[in-house]
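The values are calculated or read from the model by the stated rules, or taken from the named source; none is laboratory data. Just so it is clear, the structure is predicted and the values come from calculations on it, not from any experiment. Cβ: placed from backbone, ideal geometry, glycine included. Neighbour counts: every protein chain shown. When the accessible area is computed, the model is the full protein with side chains, heavy atoms only, and any ligands, DNA or RNA have been set aside. Shrake-Rupley method; radii C 1.70, N 1.55, O 1.52, S 1.80 Å.
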Amino acid sequence: MGCQIEAATVADVLAEKIRSRRARVGIVGLGYVGLPLAVEFAKAGFSVTGIDVSEEKARRVNAGDSYVGDIPSATLGPLVDAGKLRATADFDAVKELDTINICVPTPLRKTKDPDMSFIVSACQEIARRFHPGMLIILESTTYPGTTEEVVRPMLTQPGVEVGRDFFLCFSPERVDPGNPKFQTANIPKVVGGCTPVCTEMGRLFYSQALERVVPVSSTQVAEMVKLLENTFRMINIGLVNEMALMCGRMGINVWEVIDAAATKPFGFMPFYPGPGLGGHCIPIDPFYLSWKTKQAGIEARFIELAGYINGQMPHFVVDKVQNALNDAGKPVKGSRIHVMGVAYKRDIEDLRESPALDVILLLRQRGALVTYSDPYVPTVRLDGFELAACPEEAASIADCVVIVTDHTAFDYGALVDRSRLIVDTRNALKGIVSDRIVRL
Ligand SMILES: NC(=O)c1ccc[n+]([C@@H]2O[C@H](COP(=O)([O-])OP(=O)(O)OC[C@H]3O[C@@H](n4cnc5c(N)ncnc54)[C@H](O)[C@@H]3O)[C@@H](O)[C@H]2O)c1
């Protein structure tokens, strides 16, 4: 009974701080996920401290100088000036915080095993400064069970109980960089806690700054939600990529097929083929799931198959380029090839896992002289060499142009006029009829 009274007290104190926006909010990891989240809570009136191992990022945040495309410096600066948002590389800030969202990277190792080292090192730092009454939410994408199996034991100290003395949740991050319609504030936020009180604390917290919160019954459900979403996307992209390979062999325009299929008002959702998967999520997250399920004796066969097909796409693109050049009477060796767009998707600067990097490497391996244009990426460093972006006009001296990323800033009309041969992997030249265009 005494315990229950105490439980209500710790939870009530924190809940009241959250409702009154006096809770001191901490965001660990100020990248594509963490910085926008920090900004939303600062906008909602909380005092927010960002903690990042990068002193350079902390310095830039404190100078109001944004390095994340979706956050203009004009938004960040006034929040910093008003004292609502500050950043530091010193974890001692944790001592003063009431809530912490962990938004650190979760890459895969070369062996496709999850790399938990960033989560572990962030949790070690937090555990050293832990104090009762905190709400801690893991947001990094990870395998189901991480919050319970990795984070909870690190934070639970003798005599300290989760759901009573502190509150622990998982909430998957769904941010879609470069998406003008859906950003951190209006993307529904799923949250699941270790106990019902934890879930309620997570729901209360997010509902102060975000439009819609979706509570679920456990951290494992919340972890699996993210993996279902990204696996769904990865497998459907694998399916359309395989369709593209089939259509290519049969001389059918896969883009026209998808557009026509998408007129079905129910039971179909269009996905589009491309040069391969990119970014921090879709090529990586499903392998977190397959790694975990392997331990339970279940092979994630859809994931492995889609991973294989998607991984073949850069090779397929390079074969297309080689065939197109051969048809024009040129060998790929010694040809000048100009890549349009190297970011992993349209209108962003993120190069992580970008298929353009594979395309460039494969073309160079075949002896091509490769250049590129990308308004968002000034240089590309790869396996011991570096390329600097060229103006779009460089396409005019290329033997073949490959559109890998369909940035809206490119002048596609001018590109068609100035290019001898174009391989279009994104249907960026939709509607333009020319025998100099080869489509995926
Ligand atoms: N970028 C996306 O579109 C996206 C979307 C959904 C989910 N996610 C997931 O969110 C998580 C973060 O992704 P991101 O894109 O923001 O990564 P990011 O690399 O842009 O940012 C991570 C930040 O964490 C910092 N960091 C690394 N180790 C740290 C530590 N121990 N303590 C404090 N800071 C540390 C890094 O310096 C970096 O600034 C990942 O798990 C990712 O899978 C990303």
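Couple of notes before you dig in:
- Every residue from segment 383-409 that is in a strand (DSSP E or B) and surrounded by 15 or more Cβ atoms within 10 Å (Cβ to Cβ): Leu387, Cys400, Val401, Val402, Ile403
- Selected residue (criterion: nearest to the ligand (Cβ to nearest atom)) from residues of segment 323-364 that are of a type outside the set (D, E, K, R), open to solvent by 40 Å² or more (accessible area, probe 1.4 Å) and assigned to a loop (DSSP other than H, G, I, E, B): Leu351
- Segment 320-361, subset at pLDDT 95 or above and in contact with a Pro (Cβ under 6 Å, 6 or more places away or on another chain), residue nearest to Ala395 (Cα to Cα): Val359
- Options Leu429, Leu440, Leu387: the member that is under 27 Å from the mean Cα position of the chain (by Cα) and either of a type in the set (Ser, Thr, Tyr) or farther than 20 Å from Leu325 by Cα (or both): Leu387
- Look at segment 326-339: where a residue is closer than 8 Å to Leu369 by Cα and among the hydroxyl-bearing types (Ser, Thr, Tyr) and a partner is at pLDDT 95 or above and assigned to a loop (DSSP other than H, G, I, E, B), sitting 6+ places away or on another chain with Cβ atoms under 6 Å, you get Ser335/Ala368; Ser335/Asp399.
- Considered as a group, the residues in segment 91-110 that are within 11 Å of the ligand (Cβ to nearest atom) and assigned to a strand (DSSP E or B) include one that is farthest from Val151 (Cα to Cα), and that residue is Leu108.
- Note on segment 17-49: residues that are within 14 Å of the ligand (Cβ to nearest atom), touching a Lys or Arg at 6+ places or on another chain (Cβ under 7 Å) and either in contact (Cβ under 8 Å) with a residue 60 or more places away in the chain or more than 14 Å from Leu97 (Cα to Cα) (or both) total 1.
- Options Asp115, Asp176: the member that is farther than 20 Å from Arg24 by Cβ, touching a Leu at 6+ places or on another chain (Cβ under 7 Å) and within 11 Å of the ligand (Cβ to nearest atom): Asp115
- Selected residue (criterion: nearest to Tyr344 (Cα to Cα)) from residues of segment 50-69 that are away from the ligand (no atom under 12 Å from the Cβ) and not aliphatic (A, V, I, L, M): Ser66
- Taken over segment 76-125, the criterion of being surrounded by fewer than 17 Cβ atoms within 10 Å (Cβ to Cβ) and of a type in the set (Ser, Thr, Tyr) is satisfied by Thr111, Ser117, Ser121.
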